[in-house]
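Report on one structure; see the data block that follows.
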2 protein chains.
Amino acid sequence: MTESPVTARRPGARSYTTCGELRIGDAGRVVTLKGWVNRRRDHGGLIFLDLRDRYGITQVVANPEHSPDAHAVAERARGEYVLAVTGRVVARPEGTVNLSLPTGEIEVLAERIEILNPSKPLPFPIHEEAEVDESLRLEFRYLDLRRERMQRNLMLRHQVTRFIRQYLDERDFVEVETPMLIKSTPEGARDYVVPSRLFPGHFYALPQSPQQLKQLLMVAGFDRYYQIARCMRDEDLRADRQPEFTQLDLEMSFVDVEDVLLLIEGLYTELFERFSSKPIRQKPFPRLTFAEAMLRYGSDKPDLRFSMEIGDVTDIVTGSQFSVFARAVEEGGVVRGLVAPGLSGASRRQTDELTELARSFGARGLVWLALQQEEGALSARSPVAKFLSGEEIDGIAGRLGGKPGDLVLLVADQASVAANALGRLRSHLGHELGLVDTGVHAFCWVVDPPLFEWDAEAGRWEAMHHPFTAPVDDDLPLLETEPGRVRAKAYDLVADGWELGTGSIRIHRREVQNAIFRIMGYDESEIERRFGHLLRAFEYGAPPHGGMAPGLDRTVMILAGEENIREVIAFPKNQRAQDLMFGAPSPIDEQQLRELHIRVVLPEEEEQG
Amino acid sequence: MTESPVTARRPGARSYTTCGELRIGDAGRVVTLKGWVNRRRDHGGLIFLDLRDRYGITQVVANPEHSPDAHAVAERARGEYVLAVTGRVVARPEGTVNLSLPTGEIEVLAERIEILNPSKPLPFPIHEEAEVDESLRLEFRYLDLRRERMQRNLMLRHQVTRFIRQYLDERDFVEVETPMLIKSTPEGARDYVVPSRLFPGHFYALPQSPQQLKQLLMVAGFDRYYQIARCMRDEDLRADRQPEFTQLDLEMSFVDVEDVLLLIEGLYTELFERFSSKPIRQKPFPRLTFAEAMLRYGSDKPDLRFSMEIGDVTDIVTGSQFSVFARAVEEGGVVRGLVAPGLSGASRRQTDELTELARSFGARGLVWLALQQEEGALSARSPVAKFLSGEEIDGIAGRLGGKPGDLVLLVADQASVAANALGRLRSHLGHELGLVDTGVHAFCWVVDPPLFEWDAEAGRWEAMHHPFTAPVDDDLPLLETEPGRVRAKAYDLVADGWELGTGSIRIHRREVQNAIFRIMGYDESEIERRFGHLLRAFEYGAPPHGGMAPGLDRTVMILAGEENIREVIAFPKNQRAQDLMFGAPSPIDEQQLRELHIRVVLPEEEEQG
């Protein structure tokens, strides 16, 4: 028996057959498969091996009467052994066809089986969705990655990246690699730094993003730049953060906000229509100003997969008998609320829990009104009902769209506190009450955020995005007089309540940049030290420019239906920034330290020092 | 005058016209161009502005009679000012058509000119090929990158990268991003390290290559992986090295040498046929064993754009009257040589220089024979002619292919010394005598190098490639007895005398790996510390695999016809690993150092310490 001739080898052509390609039309061919034993079953004197690779699973049959040798090897094979199997493709006997497998109409009758490599028993099962401790998964990531879910996620990541590149390539974008060893700038998040061997006491920084480099590429005339950019931040990690992450970094010259939004919206629309089974709820993506988003959803990344809007009833309760409302208004605060539909029957325990939640979100308290129909009129069951007039209750219900049977939740506080607490209550209730439509994706743009925020601790204005963000043209006159009211030409893309990325139009005129730095209270030497190279570049014909940097990890995460970016990163770190597989970070040799002109100072020494 | 309507804006469509797209068919249209003033000329009361962007140059005419405003602004415009120009496309007057420019048949009659940003005079000219000091170019890299040559090189790099991706995507390769913060392994080149904030005294390393990670991806079943991978090595820099570089990192499962060679050869053939104007000298690429390459070309990266082969004449001069030859043979050495065609008339000064050169390449000396025809017989003019018999001269000339008029150069030494000295002489003479055909690209594969090399200092065998390289099957029996004779399943791709990349089939069986480590003299704890994670992975069903990692920088450099990889890297470092634009590396704050649990030890303190 000889193998059916392989067509003349083209570069990259395989000398064997993958486990995903055989169909009924291949019956009769003699093939060699290579792959892993996914499962082994002994049945009626035969051994059935499901052979697996990235392309699929093919059933191999070892029949001792057909080939005693092959059967003998099959007897030794265990799960995850790597085999090469040569045999003839045959149609499966009637009744054993498996239509859930693309290869399910055939099997390969083994003539020869070679064990390419054995395997020890695995520390966790990989061909079923078992709950496995994440530390164990990360320590044996090379096994975890064999699981179908991880294979699918990483393939998706590859395809998404390829799609993004193609979309941008078709639009004149040039991918440029920017350096990993750059200059440390003491602002924003913490830099990872790299000691220099040649310059004692000097350090490189790893990029938190190629922000300044892409702006320099615009100065260089590269017009439309992108990069699937590796970024690193030495931050304390939250659930969806990693010390290393990847962003689609892009920048364009001669553009204003609209150009960037159109480009990115086109990309994300195509991307999600191509790679997600769920439709996009609203196209074009709704645009909310930052102020509107905070008012209506209490968040700068509102989840628009459900409505439940927040409403402001400050005007209705001004001068209310209810002192909590009256005082809040007097103190320059607001009274805002939202409606939990159908929740008017909430028990005391439930309302207590909601109140507790609101407090944990920073509110001083929570007022609840269970709306009911009483003798043809609307009334409210509430601990504070007696302090509220019928007009107030009607007014509140009317403003918030509450009906009998609904529960109204109100927060009286400073605007930002009320917005945040209600926004988080909204998110909580949306999931709790099953209002979130998880069968769709809901995008929106959040635009025109404030340019500055007041840093109470430092006693000065800080750039909310970064100090190169351009102010909205109409607000330029406010720069010197009311910096807090100046809006930025910045925008966030939000999907399903996640911030996908942020961007802005940059300042390209030196005098505007100087004004910004003045407001931030920087002196000349500080400006020179931090941004000298960039400002100098801007004096040699910098074009107007702007860009954006959506997160690739999070984009793929949402497309994959995952809740954590670790599930779409091949080799992620854990929450303490450790690589559990390699055991990094780790101590290094004294010799290495000496060459780098540094010495380790352990915490106890630090205390003594 | 209103602008001709722009078609409904598609995502990524421009709201203006680029400087490279207008043709005679556009005459009559009103357009807006945005770009840089490449050149300004005043002529006959008109101002001509060559407006430049990445796409080309368009001539703008400001005529004071047509638009006094536009003319007034044009008067203020200087080189590298950024302008927006609106005007009508008109055919150039007869006699002023410039056929060397794609836009040379038209010009734009300015109606309105806006200065988007002025520019100070540049530190060096960018629209002509001036010799500019490289430090100045690197300091103002954003201006250097405006030069046509650099724009062309970076565009080429983008296109080459895109082509590589497409070639591999079509062949089932998955691009996987591997981490930048990994574990330091004290071997090979020096690691760049990154101190950990959370684990005092612990460090990450930046990858010198994703070697182990890609092998783990094979264990994970990813079958065909690639990555345009960023790599970092803290080495002392040579002319064509950079502390950061990029390689096409790839790995395949279930392959042997032939599969990898076919794949890469197909890629490079298509790549060079697409992006180079020069033909490939020989297809398929010739394959030389390492031994053959060293013997015939004295180099493991032979430049096959010219022949001039080295020949071995040891057998001919064994027992020669000439003691230098006789002694070399007795000491186990060789006598080898090459022919410099037509150089028999070399002066004493020239032959002295060649001898000096050979000495600087490590040879003890150089013997030269100027071949001549004397009374119908071949003879040699040479200081040592009197020691050589006619048969010897005939034999040497015959073996090396020397004819009357040629100069024969001979080195008698240990094989490796003779090979290296003659290889470098060959390269020198090839360029000196104009023998190198710079109109072609000459590729070759160098295969089957030794698995080990003897480290005389450490007194032990070291892996020549890396310790995971598989031995040639036929040589397995030699492993324990004659390790120095074991050949590796490794291969180098060479183009025009440059090593483009290296690769190998890896060991996937634990017992072979153990044998290798034993030969290298590693003890168990050292093996565990250095390679434990990888060896553990190999116990869970590792497939046979191998791969390669051609250098992207060097590939693009050769395609661009450049001599230094800095010319194809957007923001390279200088020879001292400095970024002259940003001023990196640089000192960092005490606070940063404290957080990272390190202290700087300046050289003077080190001495005292």
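Summary for residue A:365: label point 7 Å along Cα→Cβ; distances to the equivalent points in the other copies, ascending, 10.7 nm. Scaled against 2.2 N^0.38 Å for its residue count N, the alpha carbon radius of gyration of chain B is 1.23. Note on the range A:516-555: dipole from Cβ charges, positive end direction compared against A:525, A:546, A:535; the farthest Cα belongs to A:546.
Rounded to the nearest 20, the size of the Cβ-charge dipole of the protein assembly as shown about its Cα centre is 1820 debye, with Lys and Arg at +1 and Asp and Glu at -1.
Straight-line reach from residue A:278: taking Cα to Cα under 26 Å and skipping same-chain neighbours fewer than 8 places apart, the lysines in range are A:301. If the cut-off is a Cα-Cα distance under 27 Å, which lysines reach residue A:403, setting aside same-chain residues fewer than 8 apart in sequence? Output for residue A:403: A:386. Mean per-residue shielding of peptide A:538-550 is 5, counting Cβ atoms of other chains within 10 Å of each Cβ. Around the Cα centre of the range A:537-597, unit charges on the Cβ atoms of Lys, Arg, Asp and Glu (plus for the first two, minus for the last two) sum to a dipole of about 120 debye. With a/c under 1.5 counting as rounded, go ahead and sort the range A:80-139 into rounded, prolate or oblate using the C-alpha gyration tensor (a ≥ b ≥ c being the square roots of the eigenvalues; past the cut-off, prolate if a/b is larger than b/c, else oblate). It comes out oblate by the Cα gyration axes. Using just its DSSP H runs of length 4 or more, each adding -39500 (n - 2.57), the protein assembly as shown gives a mean residue ellipticity at 222 nm of -8500 deg cm²/dmol after division by all residues. With its label point defined 7 Å out from Cα along the Cα-to-Cβ axis, residue B:512 lies at 6.3 nm from the matching points of the other copies, in increasing order.
A Cβ-based charge dipole, computed about the Cα centre of chain A with Lys and Arg at +1 and Asp and Glu at -1, lands at about 1780 debye.
In chain A, a dipole from Cβ-located charges (positive for Lys and Arg, negative for Asp and Glu) runs towards its positive end, and of A:263, A:32, A:122 it is A:32 whose Cα lies farthest in that direction. For the range A:341-404, the set of GluC sites (Glu not before Pro) satisfying both a DSSP loop assignment and a count of at most 11 other C-beta atoms within 10 Å is given as A:375. For the range A:522-589, the fraction of C-alpha pairs more than 13 angstrom apart is 78%. Once the Kirkwood radius over Cα pairs is known for the protein assembly as shown, the Stokes-Einstein relation at 25 °C and 0.890 mPa s delivers a diffusion coefficient of 70 µm²/s. Once the Cβ-Cβ distance of residue A:529 and residue A:499 is raised to the sixth power relative to R0 = 35 Å, the FRET efficiency obtained is 0.70. Within the range A:436-573, the percentage of alpha carbon pairs spaced more than 27 angstrom apart rounds to 36%. Remark: spin-label model distance residue B:564-residue B:456 equals 3.4 nm, labels positioned 7 Å along the Cα→Cβ axis.
Taken over the range A:306-436, the alpha-carbon convex hull comes to 92 cubic angstrom per residue.
The distance linking the range B:433-483 with the range B:141-167 is 34 Å (Cα centroid to Cα centroid, whole angstrom).
Modelled spin-label separation between residue A:13 and residue A:473, with each label point placed 7 Å from Cα along the Cα-to-Cβ direction: 6.1 nm. Residue B:198 label point (Cα plus 7 Å toward Cβ) to equivalent points in the other copies: 3.3 nm, shortest first.
Taken together, the values in this text are just the output of simple stated rules run on the coordinates, not laboratory data. Everything numeric here is computed off the predicted structure, so don't read it as measured data. With ideal geometry, Cβ positions are generated from the backbone for all residues, glycine too; neighbour counts draw on all protein chains shown.
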